[in-house]
1. Collect the residues in the stretch 337-359 that are within 19 Å of Ser396 (Cα to Cα), touching a residue at least 24 places away in the same chain (Cβ under 8 Å) and not in a loop (DSSP other than H, G, I, E, B), keeping them in residue-number order.
2. Checking Asp231 against (1) farther than 16 Å from Ile279 by Cβ; (2) of a type outside the set (Ser, Thr, Tyr); (3) open to solvent by 50 Å² or more (accessible area, probe 1.4 Å), which test does it fail?
3. Being within 24 Å of Pro382 (Cα to Cα), crowded, with 16+ Cβ neighbours inside 10 Å and of a type in the set (A, V, I, L, M, F, W, C) narrows it down to one residue among Met307, Met333; which is it?
4. Could you check Leu93 against (1) exposed (fewer than 15 other Cβ atoms within 10 Å of the Cβ); (2) within 24 Å of the chain's Cα centre (by Cα) and say which number it fails?
5. Among Tyr316, Tyr244, which is within 16 Å of ligand 1 (Cβ to nearest atom), within 22 Å of Asn354 (Cα to Cα) and either open to solvent by 20 Å² or more (accessible area, probe 1.4 Å) or at pLDDT below 85 (or both)?
6. Restricting to the stretch 232-281, give me the number of residues that are assigned to a loop (DSSP other than H, G, I, E, B) and among the hydrophobic types (A, V, I, L, M, F, W, C).
7. Given the criteria modelled with pLDDT under 95, buried (at least 18 other Cβ atoms within 10 Å of the Cβ) and either in contact with a Leu (Cβ under 8 Å, 6 or more places away or on another chain) or over 23 Å from Ala423 (Cβ atoms) (or both), does Asn354 qualify?
Amino acid sequence: MSKIKTAWFCSACGAKASKWIGCCPSCGEWNTYQEEVIQRTERYDLPVGKKQTIAAPVAVQQIENADNARVATGSVELDRVLGGGLVAGSLILVGGEPGIGKSTLMLQIALRCKGLRVLYVSGEESAEQIKMRADRIGISNEHCYILNETSLENVLLHLDSFAPQMVVIDSIQTLNTSFIDSSSGSISQIRECASILQQWCKSANVPVFLIGHITKDGSIAGPKLLEHTVDAVLYFEGDRNYGYRILRSMKNRFGSTNELGIFEMQHNGLREVHNPSEILISHRDEPISGVAITTVMEGMRPLLIEMQALVGTAAYGTPQRSATGFDVRRMNMLLAVLEKRCGFRINTKDVFLNVAGGLRVDDPVADLAVVCAILSSSVDIPLGQKDCFAGEIGLSGEIRPVNRIEMRIAEAEKIGFDRIFVAKHGIKNLSDRFGIEIIPVVKVDEIAKKLFR
Ligand code: TYD
Ligand code: MG
């Protein structure tokens, strides 16, 4: 019997080594190397029935424009993330934590793609389970077929005989090829299965979606490993306590990576959210203090977000400072600015900050809204319900301009706000086509006087 060959792979980035290493020289992670059996029992030939031809160099002018006709997937949000639709022959990885809704999303897309023969290969759930899910989603499509299979060789045979026009593999971790001895889900299996599927996808010119699980720290062998093999990497993420899910593009050979799609998980599948700002802002009849709205950018999409603050007298010696969805160090900096530049006595107060909707805000544009929410709660005077704030705050209390201010203003106007407070220096070249009142501000103390005179 021939000797079994093994190699060591980094479970974080997939780098290969001939022996165990403590710290990965490729990604710098510690203790991530695992031994994998890589012996191939025989030379592998694709059962695709197509002989590989040897490519010759071609001058770039002579290459004909590929017919990149895009197919609409039936989901406006997914089409947007893909850059305007599905490109034939593209291999797309959909990654995300277990239970976030990847299978639901892809089944829904498979059912919505009317007119295409879709093959949904599942190694995770039985056909009956998928049928139950399809009933729950409530879309019928006679061209959507389910295959319960984990052997890659069998899947390839079906792909050739069935000739689908779109394929979903759920998930790449459950597939295995008999040409590698290690168990399914191991690094070498995932890598090999993905590269064989990539060859099939390119030769048959059919789009293939690969679903891949990823843990919270992204450490388990999986999607990260495949990022360079596939044409596009989409991440499906969200807080499980809230219904919102964001589909984000991390890599896209056929479009921009700035786009994102927003969905809401409901009892009957995922609903597309075309106007996210409206659901992220709470609607109240009575104005309350400590609430300010800002316009953050998520990729290329402006979103209106509600910042909520609660300021109270500290019950204990050291006041509490806590923030949910916002960097607490940044909040402390803003409190110091308020103390020093506006003369607000806030160092004996408890301050709690929350971003409504369970979102996380990293955009510095939220500074102005945070300060206004804190001031409003501190003096217990509500801000105008039709006011919106967009500006970064510097250490000297100056309000600094932010990027893409026109898009932010336009979104605030679209949602129906009457006034937006922005940095004076950021609106010099602004066109005067806006119907919303734009109020330029320079300093934090100035806005405090304007709002709470
Ligand atoms: P699932 O697609 O199985 O997640 P993944 O494939 O990423 O592991 O979705 C899991 C969750 O979605 C599950 O907890 C149930 C919930 N869900 C709904 O809330 N509504 C629905 O209509 C469906 C189909 C699932
Ligand atoms: Mg699943």
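1. Hits for the stretch 337-359 are Val337, Leu338, Lys340, Arg341.
2. Only one criterion in (1) farther than 16 Å from Ile279 by Cβ; (2) of a type outside the set (Ser, Thr, Tyr); (3) open to solvent by 50 Å² or more (accessible area, probe 1.4 Å) is unmet by Asp231, namely (3).
3. Of Met307, Met333, the one residue that is within 24 Å of Pro382 (Cα to Cα), crowded, with 16+ Cβ neighbours inside 10 Å and of a type in the set (A, V, I, L, M, F, W, C) is Met307.
4. Of the numbered conditions (1) exposed (fewer than 15 other Cβ atoms within 10 Å of the Cβ); (2) within 24 Å of the chain's Cα centre (by Cα), the odd one out for Leu93 is (1).
5. On inspection, the qualifying residue turns out to be Tyr244.
6. Our first condition is that a residue be assigned to a loop (DSSP other than H, G, I, E, B); within the stretch 232-281, this holds for 238-243, 253-259, 267-268, 273-275, 281.
If we keep only those that are among the hydrophobic types (A, V, I, L, M, F, W, C) as well, we get 254, 273, 281.
The qualifying residues number 3.
7. Taking the combined requirement at face value, the residue satisfies it.
Residues checked against (1) in contact (Cβ under 8 Å) with a residue 40 or more places away in the chain; (2) open to solvent by 40 Å² or more (accessible area, probe 1.4 Å); (3) out of contact with any helix residue (DSSP H, G or I) (no Cβ under 9 Å at 6 or more places or on another chain):
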{"residue": "Ala134", "(1), (2), (3)": "no, no, no"}
{"residue": "Glu142", "(1), (2), (3)": "no, yes, yes"}
{"residue": "Thr150", "(1), (2), (3)": "no, yes, yes"}
{"residue": "His158", "(1), (2), (3)": "no, yes, yes"}
{"residue": "Ile180", "(1), (2), (3)": "yes, no, no"}
{"residue": "Ser183", "(1), (2), (3)": "no, yes, no"}
{"residue": "Ser188", "(1), (2), (3)": "yes, no, yes"}
{"residue": "Arg191", "(1), (2), (3)": "yes, yes, no"}
{"residue": "Gln199", "(1), (2), (3)": "yes, yes, yes"}
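The values are calculated or read from the model by the stated rules, or taken from the named source; none is laboratory data. Everything quoted here is computed from the prediction, not taken from an experiment. Glycine also receives a Cβ, built like all others from the backbone with ideal geometry; neighbour counts cover every protein chain displayed. Remember, those area values only see protein heavy atoms, side chains included, never the ligands or the DNA or RNA. Shrake-Rupley method; radii C 1.70, N 1.55, O 1.52, S 1.80 Å.
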